[in-house]
Amino acid sequence: MWTHDETRVFAVSGVALRVVDGAWDFAGRKSQDIDRHWQRRLEENPKFFNGIVHVLVTYSLSTDGMFSGTFVRTDFKSFLYWRETGAPDPAVMDAFGSALVLSSEGRVLLGRQRQGNLNGDLSYPPGGFIDVRDIAADGTIDLDGSVLREITEETGLDDTVLRRLGGYVITIAGPVLSIAVPWTSALSEPNLISAVSRHIDADPDGELQSVAFVAPGASADGLAMPAYARALLGGLSQLKSLV
């Protein structure tokens, strides 16, 4: 439905996501190249870990606004090779959950990742890969639970200070597909920054090194951001029901 040269942002009413059995053909065909690339990247960054990740292989959007998608399991080294060689397999997308957290002023929380991680020094809405902990025995993915867990692990914020808004925001930016779960807080931006900063300071090995807030629709030119995060921020001003 979407190709790797598209960028778009739109709201959907719901998501239905599942992990299915099967192998990623690309990873099998490129196994030797993947292994060589992995050895080089591991020498450059010993913090990398070859765990399980999931890539999106099929997806659809119904007329009533339901986004459905299926994922297959692969390993991080195969995903990393695909990502760092220009996403040469167009049959898959890098799809994941993101946390769209709004302060009481209506501004969006962005976390800046520590150096040594996959997105080191980049600022983006908290989120990450679909984790095995988020997958039920029948393959169903609990995206809301995944995103809330990521928020809490990375920022210390949880559903005692966050209130879930309706729907989801899909961002397509080339081979990347972010599924954002929107939350709002009654806390002001300074209070949220203070709370998150205390959490970050208490965990020097955590993923984030700082947070900032940016207005929906702003360009945020002073921040280094992944393309999808910049597209999401730029598109939010058109989604009045959320912001």
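The values are calculated or read from the model by the stated rules, or taken from the named source; none is laboratory data. Quick caveat, the model's predicted, so the values are computed rather than measured. Cβ atoms come from the backbone with ideal geometry, glycine included; neighbour counts cover every protein chain shown. When the accessible area is computed, the model is the full protein with side chains, heavy atoms only, and any ligands, DNA or RNA have been set aside. Shrake-Rupley method; radii C 1.70, N 1.55, O 1.52, S 1.80 Å.
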Degrees, to the nearest 10: 189-201 long Cα axis against longest axis of the chain: 50
Relative contact order as a percentage, the chain, C-alpha pairs under 8 Å and 6+ apart, gives 25
Solvent-accessible heavy-atom area per residue, rounded to whole Å², over the chain at 1.4 Å: 45
Computed over the stretch 1-121: relative contact order in percent, which uses C-alpha pairs under 8 Å that are six or more apart: 28
What value, in deg cm²/dmol to 500, does the helix sum -39500 (n - 2.57) over DSSP H runs of n ≥ 4 give at 222 nm once divided by the residues of the chain? -8000 deg cm²/dmol
Sort 37, 199 from largest to smallest accessible area, using a 1.4 Å probe on the heavy atoms of the protein chains. 199, 37
Interchain or sequence-distant (5+) residues whose placed amide H lies within less than 5 Å of the amide H of residue 75 are 53
Heavy atoms of residue 77: accessible area, 1.4 Å probe, square angstrom to 10: 40
Is the stretch 1-69 best put as rounded, prolate or oblate by its Cα gyration tensor, with a ≥ b ≥ c the root eigenvalues, rounded for a/c under 1.5, and otherwise prolate when a/b is larger than b/c, oblate when not? prolate
Set the Förster distance to 41 Å, then compute FRET efficiency between residue 237 and residue 133 from the Cβ-Cβ distance, nearest 0.05. 0.75
So who's got an amide H within less than 5 Å of the one on residue 237, skipping anything under 5 residues away but keeping other chains? H placed 1.01 Å off N, in plane. 217
Tell me the carbon and sulfur percent of the accessible area for the chain, rounded to whole percent, probe radius 1.4 Å. 51
Here the percent of antiparallel bridges among DSSP beta bridges lying wholly in the chain, to the nearest 5, is 70
Which cross-chain or sequence-distant (5 or more) residues have an amide H under 5 Å from the amide H of residue 208, H modelled 1.01 Å from N in plane? 114
